[in-house]
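Derivation of every value follows stated rules applied to the coordinates shown; laboratory data play no part. What you see is a predicted model, and the numbers here were worked out from it, not measured in a lab. In this analysis, Cβ positions are derived from the backbone assuming ideal geometry, glycine residues included, and neighbour counts consider all displayed protein chains.
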Amino acid sequence: MPQTHTETTKKGRDRSSWSQCVSGALVCAFVISTSIALSAQVAMPNFKEMSGSVLPTNEIPAGTVSVRVVRGGPDKPLSKQSVEFFIDGKPRKSVTDEIGRAQVSGLARGTRVRAVAVVDGERLESQEAIVEASGLRILLVATDPEAVKRAEEDKALAAAPPVKGIVVMGSESRVMAVMTNDRLDIYYILQIVNSARTPVDIGGPLVFDLPKEARGATVLEGSSKQATANGPRIRVTGPFAPGVTAVQAAYELPYSGPVARIEQKMPAALQQVTIVVQQIGGLSISSPQIQSKRDVVDQGQALILAQGPGLAAGQTLSLEISGLPHHSTWPRTLALSLASVIAAAGIWGAATASTRRRTA
């Protein structure tokens, strides 16, 4: 059947509400990931793309330009490598030391500097820099043939047919709880990690059966297209590519009192339990899987960060959120009871009157 205007409007409001909630959760996720020390799986930067960049620094004196020449990355410095500095267009030669560093000093403010090195026929050239009130660092990165070969192998393996294997949920995975207009929203920020160099088939989809109270489950923007929500269930279909498959899901957890509970069975091993709760009023969390808990403040937002050891596949994460804002239910219960009594009295009165009429 075609949607009515009312249904379309309601869905639009729902999407708008989730959009507001999601933006808050993603801000929290960003705050935690950038400002709190977590055991994280950090993608290595591409140092080749950084080659030639200039970084002002106060770690070396003003008027000093330090150049470091490496092959592939900082772990492979090139010593005894010739480096040519062009200072206001005039060349000045130097040679790198054992850690791949060469430098010039005593340059006047406003001096223009550029550094050039040739490694195995590959010309490495920096951006032109102007000496200011601090020192300057320059990184020159030569191509590493071994890294290039491995990258080509990784690309070929990633395109190969999947093999039987397993995935885990990385240590950056977390559960987040955010209060939005007296509504408790739960977010799963998941990193599904395949540490193999080929795609893996785990024998079926990865299925998260959400708590039975979960309502309005959805997969958020930025998640892999392999993830879908169907009722109180999140499915992530395989095969899983090498590296990280990102999934961000959310649902509303209705509650009627000051305490809400979550029981979430993990379909894959979780490397570390991390729970983040937006701190409002007297909100608190507890879990048998938590070993450490602390309050943190970032950008004016109070948060509770709780962590514990990992869970094996099939184990259940148990979490209790207490101190939730709620309204007492006794007025409603009393009103319903009185209404029931009045209704019963009315039925009894009607039945009695009918009996009397029949008797008469």
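List ARG137, ARG235 from most exposed to least, where exposure is judged by having the fewest other Cβ atoms within 10 Å. If you can, show how the numbers build up before the last one.
Working: ARG137 20, ARG235 17.
By the 10 Å Cβ count, ascending: ARG235, ARG137.
Excluding same-chain neighbours fewer than eight residues apart, the aspartates and glutamates reachable from LYS80 by a Cα-Cα span under 20 Å are ASP97, GLU98, ASP120, GLU122, GLU125, ASP144. For the stretch 49-147, the Stokes-Einstein estimate of translational diffusion at 20 °C and a viscosity of 1.002 mPa s comes to 162 µm²/s, using the Kirkwood hydrodynamic radius over alpha-carbon pairs.
Compute the Cα gyration tensor for the stretch 101-186, then decide on rounded, prolate or oblate, letting a ≥ b ≥ c be the square roots of its eigenvalues: rounded whenever a/c is under 1.5, prolate when a/b is larger than b/c in the other cases, and oblate in all that remain. Could you put the intermediate results ahead of the total?
On the way: a/c = 4.71, a/b = 1.47, b/c = 3.20.
Because a/c hits 1.5 or more and a/b fails to exceed b/c, the stretch 101-186 counts as oblate.
Structural descriptor for the stretch 49-147: relative contact order 42 percent, calculated from alpha carbon pairs under 8 angstrom and at least 6 residues apart. The local environment of LEU139, defined by Cβ-Cβ distances under 11 Å, has a net charge of +3 under the rule Lys, Arg +1 and Asp, Glu -1.
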